[in-house]
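Written out below as structure tokens is the structure these notes cover.
The values are calculated or read from the model by the stated rules, or taken from the named source; none is laboratory data. Just so you know, these numbers come straight off a predicted model, no measurement behind them. Positions of Cβ are generated from backbone atoms using ideal geometry, with glycine treated the same way; all protein chains shown enter the neighbour counts. For the accessible areas, the whole protein counts, side chains as well, though only heavy atoms, and no ligand, DNA or RNA atoms are used. Shrake-Rupley method; radii C 1.70, N 1.55, O 1.52, S 1.80 Å.
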2 protein chains.
Amino acid sequence: MDIAAFAEKIAQGDRRSLSRAITLVESGRADHRTDAVALLEALTQRPDRPEALRVGLSGTPGVGKSTFIESFGMMLLDKGLRVAVLAVDPSSVRSGGSILGDKTRMDRLSREPMAYIRPSPSQTQLGGVARRSRDAVALCEAAGFDVVIVETVGVGQSETMVAEMTDLFLLLLAPAGGDELQGVKRGIMEIADLILVNKADGELKSPATRTCADYAGALRLLRKRVQDPEGFPKAMTVSAVEETGLGTAWDEMTTLIDWRREAGHFAARRAEQARYWFREDVRNGLLAQLDGEAARAQMKTLGAAVAGGEMTATLAAEEMLATLRK
Amino acid sequence: MDIAAFAEKIAQGDRRSLSRAITLVESGRADHRTDAVALLEALTQRPDRPEALRVGLSGTPGVGKSTFIESFGMMLLDKGLRVAVLAVDPSSVRSGGSILGDKTRMDRLSREPMAYIRPSPSQTQLGGVARRSRDAVALCEAAGFDVVIVETVGVGQSETMVAEMTDLFLLLLAPAGGDELQGVKRGIMEIADLILVNKADGELKSPATRTCADYAGALRLLRKRVQDPEGFPKAMTVSAVEETGLGTAWDEMTTLIDWRREAGHFAARRAEQARYWFREDVRNGLLAQLDGEAARAQMKTLGAAVAGGEMTATLAAEEMLATLRK
């Protein structure tokens, strides 16, 4: 494979090359992997490498993520920005299929030449999901997209992962019925830069306003991140259906990012994220020794012996490690 | 080393042999490790192996953990039970020294022939702390102690670890000033079987009662564990200084444990814990490849290159893994 030519086409924004490249980074085949690493390296080392704003977006099913991304994406296109949307779906690890990222969910956006939507691949392990998503983000960035939205479902671990590969994190919520917070995990509140209460339209407008106030209050209780300007993280209402509040949300996002850029936090965070993924990749690479069929079978056998009291966990682990060292 | 004779002495309850054995499992030396594994195996396989009640205990500094353990331990001795106390102090990983488990903290208990107190060793990594603590619990159990208390400080990860090596988890709290919960992490509330609000004496008696009611309310909001009888997890007040409430606490503990034993949950949980530690040991064993001096140095160099944008995290990880495979 002519890596240099491939990289050049991606850098020129060729969509078919971008799609092929993402398929390449998603592949588990060893030769694909080698090419993928070389390609990413070539793109990363380009002196004219563009920089996108990487935006993480989370929200439980039913809050209107697809509609929000479509409306928000269309607004960004109107501003002359190119938008890529990637879906990270750790649940596909179990189901073996993609529940997110279906292009048909974002009908208008998917037909726009300046937008790119990539469905979530089916994967075999979360570590793999992380690396492949992160590589796909880097590819979209290299292809010159101004905003790369990384969408995920609200299941905890995936948010942390997405937050580690994005510059800004949005949490999309629906108006709550009562005065109760929607069981949003504290950990997710802590990584959100902006909470957007969607469906602030029609009958839900005033519940949305109340929910927004509740979350604004909850955010004030969380310790403020030192690297952020006064008032962040923020909660606001939007309506994806009526396309209201989206411009204000974007303004808040750019305010925050400009501030972080000027203060040097933007670059520092990206450097820290790169270091984090390096360490994670090494750890996952070591643990991948347990993924083989023979290793799994032995883990199962030894696990059963340990659970049955036939041997100590310590001895079983030593046996397993001895086998792996061979 | 004559492992069979060593095991025999421990099984007979010889304290000096027990202390030597714990020192052995705490050692990082390879030959000590081999002996330790053999010793644990020999003890585990004894047909007359006794079973202790393993009790985890957590509480932030200042709640009176030492005083509680002393009073509670003395009460257990009065009931004719033998008591071992082990301290797990993950903070010593960083400080290099033990802040817990000092025998002088439990003056009366440490002089009792039927009690055994083992201070926390200084360790180099949390994985190591877990394995050594777990081995020490197994040794105390093999030595015939009826109750093994594993004490830890309230720092999150260590509670989870201790909960995975004990049958019952106690959370010790101090009366709060206001009506506010004391920043106790939800995760810790979720593993506690019994919350004990200490210092329910003198001026603090009514604040303790109020705090207890607050926590009882908070516990009701958490989902009830299916394997437990009605009313658990519970919150109650105790006074370690005045030695009140301790008998009731013990009664609740035995009620819960008897219930779990009858329902088969006690044995099932121990089996699951053994399987968990087996998997953890294997994982930690694989990750231990990063502990060597050369590996650390290379991780640092590659990490700096990645943070500086000189290479991708992906490529750096591949290089690191290639070196480790050699």
Subset of the range B:1-34 [open to solvent by 30 Å² or more (accessible area, probe 1.4 Å), over 16 Å from residue B:116 (Cβ atoms) and either outside any helix (DSSP H, G or I) or at pLDDT below 95 (or both)]: B:1, B:2, B:28, B:29, B:30, B:31, B:32, B:34
Scope the range B:263-275; condition of a type in the set (Gly, Ala, Ser), within 14 Å of chain A (Cβ to nearest Cβ) and open to solvent by less than 60 Å² (accessible area, probe 1.4 Å); matching residues: B:264, B:268, B:271, B:274
Cross-chain or 6+ apart pairs with Cβ under 6 Å, the range A:273-288 first and within 16 Å of residue A:135 (Cα to Cα), then among the acidic types (Asp, Glu): A:273/A:164; A:276/A:164
Count of the range A:43-83 residues which are in contact (Cβ under 8 Å) with a residue 12 or more places away in the chain, open to solvent by 10 Å² or more (accessible area, probe 1.4 Å) and assigned to a helix (DSSP H, G or I): 8
Any hit, the range B:253-262, residues being more than 10 Å from every other protein chain (Cβ to nearest Cβ), crowded, with 19+ Cβ neighbours inside 10 Å and outside any helix (DSSP H, G or I): no
Scope the range A:288-310; condition touching a Ser or Thr at 6+ places or on another chain (Cβ under 8 Å) and at the interface with chain B (Cβ under 7 Å from one of its Cβ atoms); matching residues: A:306
Index of the failed condition, residue A:228 passing every other in (1) open to solvent by 20 Å² or more (accessible area, probe 1.4 Å); (2) modelled with pLDDT under 95; (3) among the acidic types (Asp, Glu): (1)
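Listed here are the residues, each with its yes/no results for (1) aliphatic (A, V, I, L, M); (2) touching a His at 6+ places or on another chain (Cβ under 9 Å); (3) more than 30 Å from residue B:25 (Cβ to Cβ).
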site: A:239; (1), (2), (3): no, no, yes
site: A:244; (1), (2), (3): no, no, yes
site: A:250; (1), (2), (3): no, no, yes
site: A:257; (1), (2), (3): yes, no, yes
site: A:287; (1), (2), (3): yes, no, no
site: A:295; (1), (2), (3): yes, no, no
site: A:301; (1), (2), (3): no, no, no
Out of A:326, A:300, A:234, sole residue that is farther than 30 Å from residue B:290 by Cβ and not β-branched (Val, Ile, Thr): A:234
Test for residue A:235: is it part of a helix (DSSP H, G or I) and of a type outside the set (D, E, K, R): no
Single unsatisfied condition, residue A:309 versus (1) in a loop (DSSP other than H, G, I, E, B); (2) open to solvent by less than 20 Å² (accessible area, probe 1.4 Å): (2)
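Condition test on residue B:214, is it without any contact (Cβ under 8 Å) to a residue 24 or more places away in the chain, in the same structural domain as residue B:165 (by TED's automatic domain parsing) and over 21 Å from residue B:162 (Cα atoms)?
Against the criterion (without any contact (Cβ under 8 Å) to a residue 24 or more places away in the chain, in the same structural domain as residue B:165 (by TED's automatic domain parsing) and over 21 Å from residue B:162 (Cα atoms)), residue B:214 does not qualify.
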Qualifying residues in the range B:312-326 (those that are of a type in the set (D, E, K, R) and either in a helix (DSSP H, G or I) or open to solvent by less than 20 Å² (accessible area, probe 1.4 Å) (or both)) - the one farthest from residue A:139 (Cα to Cα): B:325
Qualifying residue in the range A:276-292 (condition: touching a Pro at 6+ places or on another chain (Cβ under 9 Å) and either open to solvent by 20 Å² or more (accessible area, probe 1.4 Å) or among the hydrophobic types (A, V, I, L, M, F, W, C) (or both)): no
Within the range B:107-146, considering residues that are under 20 Å from residue A:315 (Cα atoms) and among the acidic types (Asp, Glu), the one modelled with the lowest pLDDT: B:135
